[in-house]
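Heads up, the thing below is written out as structure tokens.
Bear in mind these aren't lab numbers, they're just calculated from the coordinates by the rules spelled out. Just so it is clear, the model here is predicted, and its values are computed rather than measured. Neighbour counts are summed over all protein chains in view; Cβ atoms, including those assigned to glycine, are modelled from backbone coordinates with ideal geometry.
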Amino acid sequence: MNACILYLNKKRIEMIKLESDNMESKSWEKMKDSDQWDFAEITKDLKSPNEVILVGESALNLEYRRWLANHDRVLAKKLIAVIGSTMETKVNPNLVSHFKEKYFRGRA
């Protein structure tokens, strides 16, 4: 399995990479609300997963999906789910397990 969960909110983006039985996490934070996300930097760090799930605020999910459509169509085609959420905290291990079981199990 080479998959990724990308959790997006206004102040923080967290990437959870799942490779076989290994899990790696990386995050980016904004200093000010007026700052813009550097989607190119974030996408570069994904290192081409086979499948991607976006979780987070609907407006930011849409903004990232549009960016992908214009700048990285290969990765855009690997989106298997976009899930709206209003969570204000980091992605917790139970949520990662849920997404792994629901979306990735049996697909790898």
Practice prompt. List the relative contact order of the chain as a percent without decimals, with contacts defined as Cα pairs under 8 Å and 6+ residues apart.
Written response: 28
Worksheet entry | Net dipole in debye of the chain [+1 Lys, Arg Cβ; -1 Asp, Glu Cβ; about Cα centre; nearest 20] | 280
Response to the item:
Expressed as a whole-number percentage, the relative contact order of segment 14-68 with C-alpha contacts under 8 angstrom and at least six residues apart is 23
Fill in: Estimated 222 nm signal from helices in the chain, with DSSP H stretches of n ≥ 4 weighted -39500 (n - 2.57), rounded to 500
-8500 deg cm²/dmol
